[in-house]
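K.L.:
Pasting a structure here, questions to come.
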Amino acid sequence: MRTPTLLSWHRPLAWLLASCLPATPALATNGYFSHGYGAPSQGLAGVGIALPQDALAAATNPAGTAAVGNRVDLGLTVFVPRRSAAIVGNLAAPDSAHDGNGQKTFLIPDFGLVRAVNAQTAVGLAVYGNGGMNTEYASNPYARFGATGTAGVNLEQLFIAPSVAHQLNERHTVGAALQVAHQRFAAQGIGLFNGFSAAPGQVSDRGTDSTTGVGVRLGWTGRLTPQWTAGATWASRIRGRFDDYRGLFANGGRFDVPENFGVGLAYAATDRLTLAGDVQHIRYSQVAAVGNSAAPLFAGQPLGSANGPGFGWRDQTVLKLGAQYRWRPDLVLRGGVSVANQVVPAQETFFNILAPGVVKTHLSVGATWHTPGGGELSGFYTLALGETVRGAQSIPAGFGGGNAHVRLKEHIVGVSYGWRY
C-alpha cells in the first residue's frame with residue numbers, strides 16, 4: 001500500500017527533471033552515447049553492468065534495480081567539450097581552422113528512484129540524458145562552398161525508464177526497463193546541401209524538431225561465486241523520425257536510437273577492494289542516417305532518400321575497467337579507464353565536421369562520502385583524451401578536393417546525492 005504513495009510523491013520531481021533535460025543540450029562521449037550513468041558508475045569510467053550502485057542502475061542494467069535497496073538519487077553533470085575542424089588542401093579557398101564551441105559548457109541532470117515491492121522484487125524509475133551531439137561554428141567550415149550563417153547541429157536524447165527486477169533465487173536476478181526516448185534535433189548553416197536533397201528546404205534551419213519512441217532494455221546479474229558477479233544487458237533499437245529534417249536524414253528523416261548490448265564482471269578481491277569491467281557494443285551502422293556512408297551523395301543519391309547517405313559511422317565496442325576501494329567506513333574511492341574503436345572513418349570526415357564524436361579513451365576518478373546523516377555524496381571527474389581524425393580523400397573532387405580534419409576533447413565533472421529510505 002505504501003509503494004503507490006511514494007511513487008506518486010516523487011512523480012512531479014521526475015517530470016520536472018524530464019522537462020529540464022531536453023532544454024539542456026546533452027552531449028556524450030562513446031559516439032553519441034554517454035560513457036556511464038550515475039556518479040558512482042561514471043567514477044569507474046562507466047562500469048556498471050555487474051556492479052549496480054545507485055538508483056540509476058537501470059540505465060545500464062535493469063537487473064541492478066533489485067540490488068541497490070530503497071533509495072533516491074539526484075545528480076548533475078557539467079560537460080565541457082572542445083570540438084574543432086580544419087580544412088586543408090581544398091581548391092575552393094586557403095586552408096582554414098574552425099572552432100565549434102559556440103556553447104562551451106552544458107549542465108545535464110539525472111534522477112533515480114528504487115522501491116522494493118517484496119523481498120524478491122523491486123521497481124524503479126530513472127530519468128537521464130542518454131546522449132547527443134552539439135556543434136556551433138561561428139566561422140562556417142562550409143562557407144567556402146556557398147553556405148551562410150553559423151553552422152552546427154544539436155542532438156539531444158532524454159530517456160525515461162521505469163524498471164522492474166526480480167530475484168529468481170539467491171544467485172540470479174533478471175530485470176526489464178521500458179525506455180521512453182525523447183529526441184530533439186536542429187541543424188543550421190548547411191543550406192548548401194538543399195541542392196543535393198530529395199526534399200530541398202528540409203535540410204537546414206528548420207528550428208528544433210522532436211520525436212518520441214519506445215524500446216526495452218533487458219538485463220541479468222548472477223553471483224557465480226562469493227567473489228565473482230556477472231551481468232549482461234541488451235537494449236532494443238528505438239524508432240524515431242525528424243519530419244522537419246526529412247531532406248537531411250536517410251529514409252525521410254528516420255533517426256533511431258541504435259541497438260546496444262554488453263556484458264560485465266565484478267570481482268570482490270577483498271572486503272575493501274572491488275575490480276570490475278564491462279564490454280559494450282553499439283550498433284551505429286544499423287541506423288542508416290548514422291551508419292551509411294556519405295559517398296553515395298557525391299555519386300548522385302540524394303540526402304533523405306531511401307537508404308540514403310549518412311555520416312558513415314562504424315559500430316563501436318567499448319572496454320571499461322574500474323576499481324573501487326573502501327578507504328574508510330564512510331569513504332569509497334574509485335578510478336577507471338575506457339577505450340573504444342574509432343567510429344568516424346578518415347574518408348567520412350567532411351560530413352562529420354558537424355558531429356565529431358571521435359574520442360576513444362576516458363580516464364575517470366571518483367569518490368562517495370557516506371555522510372553522518374545517512375546520505376551518500378558522490379562525485380567524479382572524467383577526461384576524454386583529445387582525438388583527431390585526419391581526413392583521407394574526404395572532400396570530393398566536385399567540392400575542390402582536399403581533406404577535413406575533426407577533433408574532440410572533453411572534461412566531465414559530476415556530483416550526486418543519494419539517500420536510502
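K.L.:
If we scan the stretch 62-73, do we find a residue that is modelled with pLDDT of 95 or more, farther than 30 Å from PHE399 by Cβ, within 15 Å of the chain's Cα centre (by Cα) and of a type in the set (A, V, I, L, M, F, W, C)?
P.N.:
Taking every residue of the stretch 62-73 in turn, none turns out to be modelled with pLDDT of 95 or more, farther than 30 Å from PHE399 by Cβ, within 15 Å of the chain's Cα centre (by Cα) and of a type in the set (A, V, I, L, M, F, W, C).
K.L.:
Out of the residues in the stretch 238-270 that are within 30 Å of LEU224 (Cβ to Cβ) and either free of Cβ contacts under 8 Å to residues at least 12 places away in the same chain or among the aromatic types (Phe, Trp, Tyr) (or both), which is surrounded by the fewest Cβ atoms within 10 Å (Cβ to Cβ)?
P.N.:
Within the stretch 238-270, the match that is surrounded by the fewest Cβ atoms within 10 Å (Cβ to Cβ) is THR270.
K.L.:
Applying the selection to the stretch 181-195, what residues are surrounded by fewer than 19 Cβ atoms within 10 Å (Cβ to Cβ) and touching a Leu at 6+ places or on another chain (Cβ under 7 Å)?
P.N.:
HIS182
K.L.:
Then there is this: With (1) free of Cβ contacts under 8 Å to residues at least 40 places away in the same chain; (2) crowded, with 16+ Cβ neighbours inside 10 Å as the list, and GLY38 as the residue in question, which single condition is left unmet?
P.N.:
So the condition that GLY38 fails would be (1).
K.L.:
Which pairs do you get when a residue that is of a type in the set (Asp, Glu), found in the stretch 202-216, comes within reach of a residue that is part of a loop (DSSP other than H, G, I, E, B), reach meaning Cβ atoms under 8 angstrom, with the pair 6+ apart or on two chains?
P.N.:
Close Cβ pairs satisfying both conditions: ASP205/GLY149; ASP205/GLY189; ASP209/PHE242.
K.L.:
Just the residues that are closer than 30 Å to PRO141 by Cβ, among the small types (Gly, Ala, Ser) and surrounded by 22 or more Cβ atoms within 10 Å (Cβ to Cβ), please, taken from the stretch 341-373.
P.N.:
Listed by number, the residues that qualify are ALA355, GLY357.
K.L.:
Out of VAL358, VAL339, which single residue is farther than 20 Å from PRO309 by Cα, β-branched (Val, Ile, Thr) and under 16 Å from the mean Cα position of the chain (by Cα)?
P.N.:
VAL339
K.L.:
With the condition kept exactly as written, say whether any residue in the stretch 161-178 is small (Gly, Ala, Ser), assigned to a strand (DSSP E or B), surrounded by fewer than 22 Cβ atoms within 10 Å (Cβ to Cβ) and modelled with pLDDT of 95 or more.
P.N.:
Scanning the stretch 161-178 turns up at least one residue that is small (Gly, Ala, Ser), assigned to a strand (DSSP E or B), surrounded by fewer than 22 Cβ atoms within 10 Å (Cβ to Cβ) and modelled with pLDDT of 95 or more.
K.L.:
Taking ALA235, is it among the hydrophobic types (A, V, I, L, M, F, W, C), more than 14 Å from ALA58 (Cβ to Cβ), buried (at least 19 other Cβ atoms within 10 Å of the Cβ) and free of Cβ contacts under 8 Å to residues at least 60 places away in the same chain?
P.N.:
Answer is no for this residue.
K.L.:
Where in the stretch 87-136 are there strands (runs of 3 or more DSSP E), lying fully within it, with 2 or more residues that are touching a residue at least 60 places away in the same chain (Cβ under 8 Å) and among the charged types (D, E, K, R)?
P.N.:
106-116
K.L.:
Something else: Under 8 Å by Cβ, and 6 or more places apart or on different chains, what pairs join a residue from the stretch 350-379 that is touching a residue at least 60 places away in the same chain (Cβ under 8 Å) with one that is part of a loop (DSSP other than H, G, I, E, B) and loosely packed, with under 15 Cβ neighbours inside 10 Å?
P.N.:
none
K.L.:
May I ask you to list the residues in the stretch 198-227 that are closer than 24 Å to GLU156 by Cα and among the small types (Gly, Ala, Ser)?
P.N.:
Answer for the stretch 198-227, where residues must be closer than 24 Å to GLU156 by Cα and among the small types (Gly, Ala, Ser): ALA199, GLY201, SER204, GLY207, SER210, GLY213, GLY215.
K.L.:
Here is a follow-up. Of all residues in the stretch 102-116, count the ones that are in contact with an Asp or Glu (Cβ under 9 Å, 6 or more places away or on another chain) and either modelled with pLDDT of 95 or more or farther than 26 Å from ASN140 by Cα (or both).
P.N.:
Selection size over the stretch 102-116: 5.
The values are calculated or read from the model by the stated rules, or taken from the named source; none is laboratory data. The structure presented is a predicted model; accordingly, all values stated were derived computationally and were not measured. Virtual Cβ from ideal backbone geometry, glycine too; neighbours counted across all protein chains shown.
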